[in-house]
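Presented below is the structure to which this report refers.
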Amino acid sequence: MKGKLAKLGHDIWKARTVYLLILPVVISLYDYKIYKGFDGSKFVGFANFIKLFKAKDFWLMIRNVVMLNFWSLIFCFPAPIILAIMLNELRLSKVKKIVQTITFLPHFISMVAFVALVTAFLSPSTGTIGSIMKFFGMEPIWLMGDRSPLECVYGTVDVHQRF
């Protein structure tokens, strides 16, 4: 019996990636409460999926996901290649190192901290962009709150993050 349990534990450990990939699917079938776990959470079956598909904004959500992924593919695929070619052609090593540091910054700080930096940078009252707009006599806008600028900001941050 002890040998069979050890083998089972070894097999589970070998397939841990599969179990981690299945976990979100299993959670979606429950009204999952993180502090109660699976035993304390109610099994709802496909009710969560039915609720999602019947949502009035379902097709808008699908469109947003498809469009964001489409633009990410269009801009995020060639951007690192173009940047690498441009940096290779740069003669000033100090500028090259500064650009490399800025482009690698998201890999060394957490995404939460990076988003906080972007939000602070784009703030209409205290951010750099808001200050520049005020300097030129323009009315600062909240770039993270309006739909059109937000798509551009998302795309820019996405390209920067994926380098």
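Summary of values
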quantity	calculated
103, 128, 17 arranged by Cβ crowding within 10 Å, fewest neighbours leading	17, 128, 103
Sequence of 151, 139 once ranked by neighbouring C-beta atoms within 10 Å, starting from the fewest	139, 151
Amide H contacts under 5 Å for residue 44, placed H, 5+ residues apart	30, 31
Loop trypsin sites (Lys or Arg not before Pro), the stretch 1-67, which have at most 12 other Cβ atoms in a 10 Å radius of their Cβ (DSSP)	36, 56
Debye, to nearest 20: dipole size of the chain, +1 on Lys, Arg Cβ, -1 on Asp, Glu Cβ	720
The chain - mean residue ellipticity at 222 nm from DSSP helices (-39,500 (n - 2.57) per run, n ≥ 4, rounded to 500)	-23000 deg cm²/dmol
Signed unit charges on C-beta, dipole axis of the chain, positive-most listed residue 86, 144, 30	30
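Coordinate-derived values only; no laboratory data. Please read all numbers here as calculations on a predicted model, not as lab measurements. Cβ: placed from backbone, ideal geometry, glycine included. Neighbour counts: every protein chain shown.
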